[in-house]
Amino acid sequence: MNVLRNIWTIELIWWISAALLAGLILFPIHFYKIEFEFYTVNFFYILGLILFVRWIFLWKYTPYAWWIPFKLVVLFLMIPVVFWGITSFYGFKGYLDEVGIQEFVSHLNEADQSSLSVYIRTEMIFFASAFIFSGCCIPLKMIASIWKQYNRNTV
């Protein structure tokens, strides 16, 4: 029982750490009071990327690694999640093309404008593309895990 409690505690620590890391990455946007309409989407990109990468490489250490119904739910849930990620990313790219990143940072001085414009654009594109790519890898990982559980009695 103690091991089960510890594994769920570690899972909670992972989620809290991922949320804190996402907050730290987005802190410059919040600190300069930038009205970034993609803030929540960006937060979920970062949080999802951390979660997905952890699932891809450390799946056997999660508390739900042996639970096949959870794997099936994740397997099919990744389809709308990846499509949401792609749609949101296209929304961001469309906003960049039509309005531009300067609209977010127009209230700052020139030096801060250029550095924050590059930061916002770069981190949003990086985390969005990594989120989408890792989200596409999760179903493959779930299928492999289910197969290994049935055929090799491992995850």
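None of Phe92, Phe133 is under 30 Å from Pro63 (Cα atoms), assigned to a helix (DSSP H, G or I) and either of a type outside the set (Asp, Glu) or under 22 Å from the mean Cα position of the chain (by Cα) (or both) except Phe133. All conditions but one from (1) farther than 26 Å from Ile125 by Cβ; (2) surrounded by 14 or more Cβ atoms within 10 Å (Cβ to Cβ) apply to Thr9; the one that does not is (2).
Pairing each residue of region 101-129 that is under 23 Å from Leu47 (Cα atoms) and in contact (Cβ under 8 Å) with a residue 40 or more places away in the chain with any residue that is buried (at least 16 other Cβ atoms within 10 Å of the Cβ) and of a type in the set (S, T, N, Q), provided the two are 6+ apart or on different chains, yields C-beta distances under 6 Å for Met124/Asn42.
Residue by residue, here is whether (1) surrounded by 13 or more Cβ atoms within 10 Å (Cβ to Cβ); (2) not in a helix (DSSP H, G or I) holds:
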site	(1), (2)
Leu47	yes, no
Val53	yes, no
Phe57	no, no
Pro63	yes, yes
Trp66	yes, yes
Phe76	no, no
Ser88	yes, no
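Selection of region 1-45 for residues being more than 23 Å from Leu116 (Cα to Cα) and among the charged types (D, E, K, R) yields Arg5, Glu11.
Given the criteria out of contact with any His (no Cβ under 6 Å at 6 or more places or on another chain), more than 23 Å from Trp15 (Cβ to Cβ) and polar (S, T, N, Q), does Ser114 qualify?
Working: out of contact with any His (no Cβ under 6 Å at 6 or more places or on another chain): yes; more than 23 Å from Trp15 (Cβ to Cβ): yes; polar (S, T, N, Q): yes.
Considered against the rule, which asks whether it is out of contact with any His (no Cβ under 6 Å at 6 or more places or on another chain), more than 23 Å from Trp15 (Cβ to Cβ) and polar (S, T, N, Q), Ser114 comes out as yes.
Taken together, the values in this text are just the output of simple stated rules run on the coordinates, not laboratory data. All figures in this text were calculated on a predicted structure; none of them were measured in a lab. All Cβ positions, even for glycine, are placed from backbone atoms using ideal geometry, and neighbour counts span all protein chains on display.
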